[in-house]
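See structure below.
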Amino acid sequence: LANRQFCQDQQASFRTYREGLWGISAALGPYGYKAYGAAPAAHLVHDGTVAPYVVAASIPVVPDLALETLRRMEELKPSLWTRYGLGDGLNLDRRFMSPHTIALDQGLVLLMIENYRTGLVWDLFMRHSIAQRALQRAGFESGGLAQPRRPAVVPGNPGATMAIPMIDHAVTV
């Protein structure tokens, strides 16, 4: 929803956003592959390019909005659907539509659609003891949240901050 709101807030600058499209993330744009970002990201890079796979992968979280946006994308650019899935980037301002798909992005779409349909992906993930332990240690609690919260104050995280250390050695998973 924050991604969509960012796009709505930038409608005056970009036709893509004025058409009701959203989905800013790393994608193939008119000037190559870029790590596009929207607020609240610290590094904002955007030029009106949206990543359709982001919208499709959002179906479990905002199904009506995601499906409505995908329909709008298809209405505006029917050839956005390629042989292998959604084209990776779309920018109406620069009359650009990526004819390429990225397997990783399409995999995310497939997983999230299945998760929306059956909940299988989340169920399998949550059954794994490593996932359970990680979520517990990160301070997650079962149930839903109406509003996002700050990271939990737990042993090892006394200041309720989220720090991601750099890893300088091989990790076996």
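The values are calculated or read from the model by the stated rules, or taken from the named source; none is laboratory data. Keep in mind the model is a prediction, meaning the values are calculated, not measured. Note that we place each Cβ from the backbone using ideal geometry, even for glycine, and neighbour counts take in every protein chain shown. With ligands, DNA and RNA removed, areas are computed over all heavy atoms of the protein, side chains included. Shrake-Rupley method; radii C 1.70, N 1.55, O 1.52, S 1.80 Å.
Might you tell me the accessible area per residue for the stretch 1-120, computed with a 1.4 Å probe and given in Å²?
Ligands and nucleic acids excluded, the result is 54 Å² per residue.
FRET efficiency for the Arg18 to Thr82 pair, using the beta carbon distance and R₀ = 22 Å, is estimated at 0.30.
What separates the Cα centres of the stretch 47-82 and the stretch 116-130 is a distance of 24 Å.
Within the P(r) computed for the stretch 1-43, what percentage of the Cα pairs occupies the region above 11 Å? Everything past 11 Å amounts to 65 percent.
Rg and Dmax over the alpha-carbon atoms of the stretch 1-139 stand at 15.9, 48 Å. Taking only protein heavy atoms and a 1.4 Å probe, the accessible area of the stretch 1-140 is 57% carbon and sulfur. For the stretch 14-96, the residue among Ala38, Leu80, Val55 whose Cα projects farthest onto the positive side of the dipole built from Cβ charges is Leu80. Under conditions of 37 °C and 0.692 mPa s, the stretch 99-141 yields 275 µm² s⁻¹ as its translational diffusion coefficient, taking Rh as the Kirkwood radius over Cα pairs in the Stokes-Einstein equation. For Ile24, nonlocal amide neighbours, meaning residues 5 or more places apart or on other chains whose placed amide H falls under 5 Å from its own, are Ala51.
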